[in-house]
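Report on the structure given below.
Just so you know, all these numbers are worked out from the coordinates, no wet-lab data involved. Everything numeric here is computed off the predicted structure, so don't read it as measured data. Neighbour counts run over all protein chains shown; Cβ positions are idealised from the backbone, glycine included.
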Amino acid sequence: MKKSEVPQDKGSVSEKGSRELYYALDENGEYTTALSTGWEPKQIVQDHTLNELQERIDQAKSDVKNNLVSPIVYFMELKRMDWQIVADYTGIWKWRVKRHAKPAVFQKLSDKNLNKYAEAFEISVEELKNYKGD
Amino acid sequence: MQVDFQHHITAHCENGVASNLLKNKGLDISEPMVFGIGAGLFYVYLPFIKVNHAPGISYRPMPGWIFNGLAKRLGIKIKRQKFSTPEKAQAVLDDNLKNNIPSGLQVGVYHLPYFPEDYRFHFNAHNLVVYGKENNHYLISDPTMETIHKMTEAELEKVRFAKGFLAPKGHIYYPIHIPEKIDWEGAIRKGIQKTCSNMLAPVPIIGVRGIRMVARAIAKWPIKYGVKKANYYLAQMVRMQEEIGTGGGGFRYIYSAFLQEAGKKINNPTLLTLSAEMTAIGDLWRDFAVKASRVYKQRSNEEDVYNSLSADLLHLADLEEEFFKKLKKAI
């Protein structure tokens, strides 16, 4: 890639006030560096990913509302986690986290366990308990 | 307190931390040199590990390997520590700052306050340097950022003790010894040999064989998983390739820059020719990303697109196999 070809499209890093460094060739074929504000193909796959993740969040929200899953699933999706990451943050085994994802089991969770989940999701126990998918 | 430290933006975090820390210790080494000697160019396909709900593909070795490989080949000694508690981790960092030692940290990016929202995933192999503390705020030199940033004690603790795959556990590292005389030629040769043996490894998931395995897999994605899931997997693949670690085209350009610098340094004109060749391969990786991104714009002929992407990837694997065989002979 030539220095003049370093893309200057719209990108999410530049929106936060930074740019990305590229290695590219100058007119004499020597390697040099240049800053890029973003690259469209990258932004396209990024946007697609975020849309898919939003779909997962919306699905979890409606599943909580229909009493198919517990709020743990919604906050797991919201925080871009998966079962293993929830297990690692809470210190609760993955198979138990999956059990706690059932509304009936969730209802009977101890305050101690609820607190672990709330901390992992960075919310209060009240918010976790009272989330109804609305 | 603030340690005398110069922040330089780089393309890749681990290269950048290594290069910035070594420059601070008086060893002027560029990012491409770190990357080349540290054998940072890599490829591994981990279909059995799901990252963000998609099969794992990594364009870089495990965190720490670049700096460790570099240190080994240059005779540098690095001190590394991990911790069982955040208190101990902070105490060691604060001590270092008191003793004028800028320190590299491995961190998770999900809680990094200065990262854009859409980059914040549970990815734990990011690297940055802490070089000072003012009013309970740490001064952060993140080599992928143009400027320096500040973080509170609580914020830094959170990223140092991020959980999940490759959890950093407070991992801190810094060079403690740099030899007076460095054998650059030997180091460059060994770094290149290591990259060649990685990329030509006789293991089906690593190097060019790994690229081929992915190429064969993506042709089947739309039939096996349906178009929606296939498109999501492809998006993750391209994201890993061109964004998170700048692994595809970006890495090839850094490697080309390395070959150019190394060729001049040890007076080996073949490396200059190969540098130009690698640049052309890097351009093809970027073409691949452009083509892949078109999947999200036009929805026709999905299967054809995947077959064609698969063919492109197989072609890249062939080119790279040939390239690394030539490179191996050149040194």
With a cut-off of at most 11 other beta carbons within 10 Å, and DSSP calling the residue loop, which trypsin sites (Lys or Arg not before Pro) in region B:241-331 qualify? Please list them. B:LYS297, B:ARG299
Here the gain from full extension of B:PHE48 to B:ASP304, 0.36 nm per residue of separation minus their alpha-carbon distance, amounts to 89.5 nm
What does the convex hull of the Cα atoms come to per residue for region B:184-330, in Å³? 97
Percent relative contact order of region B:216-280, based on C-alpha pairs within less than 8 angstrom and at least six residues apart? 20
Which whole-number percentage describes the relative contact order of chain B, with Cα contacts under 8 Å and a sequence gap of 6 or more? 20
Give a quick list of GluC sites (Glu not before Pro) in region A:12-99 that DSSP marks as loop, anything other than H, G, I, E or B, with at most 13 other Cβ atoms within 10 Å. A:GLU27, A:GLU30
Shape of region B:1-156 from its Cα gyration tensor (a ≥ b ≥ c, root eigenvalues): rounded if a/c is under 1.5, otherwise prolate when a/b > b/c, or oblate? oblate
At 0.36 nm per residue, and after removing the present C-alpha to C-alpha distance, how many nm does the segment from B:GLU117 to B:LYS77 gain when stretched out fully? 10.8 nm
Let me know the shape class of chain A, please: from the alpha-carbon gyration tensor, a ≥ b ≥ c as square roots of the eigenvalues, rounded when a/c is under 1.5, otherwise prolate if a/b is greater than b/c, or oblate. prolate
In percent, what relative contact order does region A:42-130 have, based on Cα pairs under 8 Å that are 6 or more apart in sequence? 25
For region B:121-160 and region A:63-116, compute the distance between their C-alpha centroids and round to whole Å. 30
Considering only DSSP beta bridges where both residues belong to the protein assembly as shown, give the percentage that are antiparallel (nearest 5). 95
In degrees from 0 to 90, rounded to the nearest 10, what is the angle of the helix B:65-74 Cα long axis to the longest principal axis of chain B? 70
Separation of alpha-carbon centers, region B:253-331 and region A:4-53, rounded to whole Å: 18
Toy charge model, Lys and Arg Cβ at +1, Asp and Glu Cβ at -1: chain A dipole around Cα centroid in debye, rounded to 20, equals 1000
Dividing the helical contributions, -39500 (n - 2.57) per DSSP H run of n ≥ 4, by the residues of the protein assembly as shown yields a 222 nm value, nearest 500 deg cm²/dmol, of -16500 deg cm²/dmol
